[in-house]
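Everything below concerns the one structure shown next.
Bear in mind these aren't lab numbers, they're just calculated from the coordinates by the rules spelled out. Predicted, not measured: the structure shown is a model, and the values here were computed from it. Here the Cβ is made from the backbone with ideal geometry for all residues, glycine too, and neighbour counts use every protein chain on show.
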Amino acid sequence: MNQIKMDDFLNFRYISNLTENPSRSQFAYTVAKADVKKNEYTHELFICDGQKHQKKLKLKNKASFVFESDQSILYIYTKNKQEEKSVKEDKKTIYYRYHLLSSKTEKAYEFPMPCSIHKVLDQNTLLISATLTSEQHHLYLKNTEERKSYIKELNKQALYEEIKEIPFYFNGQGFVANQRNQLFLYDIEKQSFKPLVDPDFSIGIIRLSEDKKHIYYTGQQMTGIRSMTTHVFVYHVDSNQTDILYHENDCSINQLYLLGNEVIIAGKDMKDFGINQNPDFYLLKNKKLEVLTLYGGSLGNTVGADVRLGANPTDGIHSDKIYFLSTVDDHVELCSIDRHGLIKMEFQFNGAIDGFVVINNTFYAVGLYRQKLHEIYHLDLANNKANQITRMNQLVLKNKYVALPKTVYVRYNTHVVKGFVLYPDFCRLHLD
């Protein structure tokens, strides 16, 4: 066995952005790899039907994409230096369209601000998300000359940050002071943006109804110090109206789910353990939270690792149930909850599930399994078996020493603490 060297990390591949197509017959994902010369990560887009994995696109250093339909994908891309300059200096976002059947690409959209397509609502409407300061709304409101003047002013201010609120910085994002998560409806024919919230409102969770006529979201009006609680709203696309579904300041909302016509909240009152308190499930009805079930377990994957890049979906709706991930001790489990509050452990994974999708009524997950790097697995729920269907990192750790954790227990009168010991490669060290 050889020891892992520094350069070996450059060969790691990171799987993220698992995304189902509209008919849920295929899913797409990106695979990232470090480019040491450019000091960045490059991404490739794959399509899978559960059996075959096909590499479709090289996305350069951007991994953002969305299914436009079963036949086409929209993705952020720059084709030449002129487009790269337009994105970097003019603060624009360019999307290309990839036709899955013909493998042809074409330029689809050029937006006048940094943004991403969240969903395609219909043939003429896109749901756009963007993180902007109140002043950056001028990027899409001003005419060409006023816009150029504003960008010059932005560039002058690029050397410093004026901090007036908390939080002002996030790991992986940089400075976030004065920035708000915003939502827009984009009219393709008119090439116009309609903001759904006030410029000083910041949106959190976004959920779209099955008919794409109702946009549910959480968020709060920013006032200098971000609150640990958020409110719940719904925007009705046809009537252009927004309703407040929950406006109390007593719940920190972890997740919002749409199960048929019901809105279910995973949240906590923070009375016992503050923001680290595990959530319970509530039914949001008549602007009140009714206890659906007292869960108190972990929500999501909290298994720490430095071999990830990007994000994957950690919940979803299937067969009239909410499926979600839960960290239990040293592994992650796939669980479900129905509309009556019944929680069931559906799959116990011997490792960390980082995200999952459901196509053709079958579950597929990306995760870290038995000391391996990222791979995609078919989850056989009936037999609790994980079948590996990718080999992205098959050769990276071949003949490399990876320590197998040895479990240890420290016992006290009131509780037991579980831990692990990772032994070094003693034989190798001794021989050297």
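Observations on the model:
- Subset tally (residues that are closer than 16 Å to Thr390 by Cα and acidic (Asp, Glu)) for segment 1-57: 2
- Residue ID - nearest to Leu334 (Cα to Cα), chosen from residues in segment 247-299 that are among the basic types (Lys, Arg) and out of contact with any Phe, Trp or Tyr (no Cβ under 7 Å at 6 or more places or on another chain): Lys268
- All of (1) out of contact with any Gly (no Cβ under 9 Å at 6 or more places or on another chain); (2) of a type in the set (Val, Ile, Thr); (3) within 28 Å of His53 (Cα to Cα); (4) surrounded by 15 or more Cβ atoms within 10 Å (Cβ to Cβ) hold for Val402 with one exception: (4).
- On the stretch given as segment 123-154, residues that are of a type in the set (S, T, N, Q) and touching a residue at least 60 places away in the same chain (Cβ under 8 Å) total 5.
- Extreme residue, surrounded by the fewest Cβ atoms within 10 Å (Cβ to Cβ), among residues of segment 201-241 that are of a type in the set (A, V, I, L, M, F, W, C) and farther than 21 Å from Thr314 by Cβ: Ile225
- So Glu44, is it over 15 Å from Asn21 (Cα atoms), in contact (Cβ under 8 Å) with a residue 12 or more places away in the chain and of a type in the set (Asp, Glu): yes
- Among residues of segment 108-122 that are over 11 Å from Phe184 (Cβ atoms), those with a beta-carbon under 9 Å from a residue that is of a type in the set (Asp, Glu) at least six positions away or on a different chain give the pairs Ala108/Glu68; Glu110/Glu83; Pro112/Asp90; Val120/Glu68.
- All conditions but one from (1) under 30 Å from Glu146 (Cβ atoms); (2) in a loop (DSSP other than H, G, I, E, B); (3) among the hydroxyl-bearing types (Ser, Thr, Tyr) apply to Tyr95; the one that does not is (2).
- Segment 222-247: number of residues that are touching a residue at least 12 places away in the same chain (Cβ under 8 Å) and charged (D, E, K, R): 2
- Conditions (1) out of contact with any strand residue (DSSP E or B) (no Cβ under 7 Å at 6 or more places or on another chain); (2) under 18 Å from Ser64 (Cβ atoms); (3) of a type in the set (Ser, Thr, Tyr); number of the one not met by Ser134: (2)
- Flag if Leu294 is among the aliphatic types (A, V, I, L, M) and either farther than 26 Å from Arg24 by Cα or in contact with a helix residue (DSSP H, G or I) (Cβ under 6 Å, 6 or more places away or on another chain) (or both): yes
- Only one of Thr105, Thr125, Thr144, Thr133 that is within 17 Å of Ser202 (Cα to Cα) and β-branched (Val, Ile, Thr): Thr133
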